[in-house]
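Quick notes on the structure that follows.
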Amino acid sequence: MTNDSKALKAFTTFRIGGKPLFYSRPENYSELFDALRLCRKRELDFKILGGGSNILVDDTGLRFGVIHICSPGFGWIEYAGNNRLRIGGGVSLRAMLRYCKENGLGGAEFLAGIPGTVGGAIAGNAGAHGLSVGSLVKYVTVVDKRRYRLSGEDIDFSYRSVRGLEGAVITEAELELSPRSPELIEEQIKNNIAGKKAAQPTGKPNAGCIFKNPGEKSAGRLLDLCGFKGRVRGGVRVSGDHANFICNHRRGSARDVFFMIKEMKKVVKEEFGIDLELEIKHWKGQENAKVA
Ligand SMILES: Cc1cc2nc3c(=O)[nH]c(=O)nc-3n(C[C@H](O)[C@H](O)[C@H](O)COP(=O)(O)OP(=O)(O)OC[C@H]3O[C@@H](n4cnc5c(N)ncnc54)[C@H](O)[C@@H]3O)c2cc1C
């Protein structure tokens, strides 16, 4: 646990985010328990960071520390038999898919092109093409005051939302896949990545879709109809390819993103009577703690 922590922009795909109260990157369970114990003892608030690809972190006034699950101690993968994979919470989805391909384990290809870690994907039930990671989960190992295993059936996974894992650190998971030829897996992965590249912005830092799709409607389409594509606010710009993506165009600030989000919500509500719900998580500093 260090106090001379780096600004979180170093760890977010948005390249935005200020300094947390402390930064901890536990190498193993023992160090993770130490960090959590210290937080409890000193009554420090903390957040869990994975690949930083689904968060907007304010630039100043962060009154919490960060526990980063990304070290090799949480980065292992092993075959558990019966087409099941045991995997550390810090493994990137990309590395997981490489393992799946090499070992002929299919069923997770829909995750191709989604950045971040297994822990982050499970925490937000990441997915695409109508499928989400929760459907693969047999068990999740979590840590709070102790370490324990939860059955996937006891976790409530819904569209980009999870109930039953609140506040716990996801350290491991067991996923159920199915046998498939490496060639077929590779082809599916390539197709999915190509589809994403064609529809989403590349090159400028972003955090994926800002809003969840409201019901059957597409948030991106609604925002497009409201004329948001290409709109600029300070250093951020709504993608010209996909109106649900805000890109950090020119050293944008969390405030720039935050005001763009407020504007998007307001206009979509006025035009369509729909309340857009954030898909990204907003880690607020003190100034924004009371707004939105
Ligand atoms: C270009 C781009 C495309 C994307 N496309 C998609 C897509 O198609 N579908 C989709 O669902 N998402 C997409 N995303 C969003 C993002 O990649 C996913 O939500 C991803 O699963 C987040 O994982 P992460 O490790 O980066 O989590 P982070 O951003 O680090 O954290 C996200 C949340 O998960 C929690 N968390 C992270 N790790 C853990 C852990 N080990 N234990 C407990 N909680 C944890 C954090 O506290 C936070 O609340 C995209 C993002 C980008 C930048």
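Taking the range 194-217 as the range and being surrounded by 15 or more Cβ atoms within 10 Å (Cβ to Cβ) and modelled with pLDDT of 95 or more as the test, the residues that pass are Pro205, Asn206, Ala207, Gly208, Cys209, Ile210, Phe211, Lys212, Asn213, Pro214.
Check whether at least one residue in the range 173-186 is modelled with pLDDT of 95 or more, in contact with a Leu (Cβ under 6 Å, 6 or more places away or on another chain) and within 26 Å of Glu31 (Cα to Cα), and report yes or no. Yes - at least one qualifying residue is present in the range 173-186. Just one of the listed residues (Ile122, Ile189, Ile185) is away from the ligand (no atom under 14 Å from the Cβ), outside the structural domain of Ser218 (by TED's automatic domain parsing), of a type outside the set (Gly, Ala, Ser) and surrounded by 14 or more Cβ atoms within 10 Å (Cβ to Cβ), namely Ile185. Take the conditions (1) crowded, with 22+ Cβ neighbours inside 10 Å; (2) more than 30 Å from Gly203 (Cα to Cα); (3) touching a helix residue (DSSP H, G or I) at 6+ places or on another chain (Cβ under 7 Å); Leu85 misses just one of them, which is (3). As for the range 33-42, it holds no residue that is within 11 Å of the ligand (Cβ to nearest atom) and either at pLDDT 95 or above or assigned to a helix (DSSP H, G or I) (or both). Cβ separations smaller than 8 Å between residues 6+ apart or across chains give the following pairs from the range 192-219 residues that are within 21 Å of Arg15 (Cα to Cα) and more than 9 Å from the ligand (Cβ to nearest atom) to residues that are small (Gly, Ala, Ser) and outside any loop (DSSP other than H, G, I, E, B): Ile210/Ala219; Phe211/Ala219. Apart from one condition, Pro115 fits all of (1) part of a helix (DSSP H, G or I); (2) near the ligand (Cβ under 10 Å from one of its atoms); the exception is (1). Residues in the range 64-112 that are assigned to a loop (DSSP other than H, G, I, E, B), more than 19 Å from Ala168 (Cα to Cα) and in contact with an Asp or Glu (Cβ under 7 Å, 6 or more places away or on another chain): Asn83 alone. Looking only at the range 29-64, which residues are under 18 Å from the mean Cα position of the chain (by Cα) and crowded, with 20+ Cβ neighbours inside 10 Å? Once the filter is applied, which keeps residues that are under 18 Å from the mean Cα position of the chain (by Cα) and crowded, with 20+ Cβ neighbours inside 10 Å, the range 29-64 yields Phe46, Leu49, Gly50, Gly51, Gly52, Ser53, Asn54, Ile55, Leu56, Val57, Asp58. For beta carbons closer than 7 Å, sequence separation of 6+ or different chains, a first residue in the range 247-261 that is in the same structural domain as Arg237 (by TED's automatic domain parsing) and a second that is of a type in the set (Asp, Glu), the qualifying pairs are Ser253/Asp59; Ala254/Asp58; Ala254/Asp59.
From the list Tyr148, Tyr159, Tyr139, exactly one residue is within 12 Å of the ligand (Cβ to nearest atom) and either assigned by TED's automatic domain parsing to the domain that holds Ile189 or in contact (Cβ under 8 Å) with a residue 12 or more places away in the chain (or both). Which is it? First the steps, then the outcome.
Values: Tyr148 fails: within 12 Å of the ligand (Cβ to nearest atom); Tyr139 fails: within 12 Å of the ligand (Cβ to nearest atom).
Checking each option against the conditions leaves just Tyr159.
Residues of the range 166-182 that are touching a helix residue (DSSP H, G or I) at 6+ places or on another chain (Cβ under 9 Å) and surrounded by fewer than 17 Cβ atoms within 10 Å (Cβ to Cβ): Pro182 alone.
The values are calculated or read from the model by the stated rules, or taken from the named source; none is laboratory data. Computed from a predicted structure; not experimentally measured. No Cβ is skipped: glycine too gets one built from the backbone with ideal geometry, and neighbour counts run over all protein chains shown.
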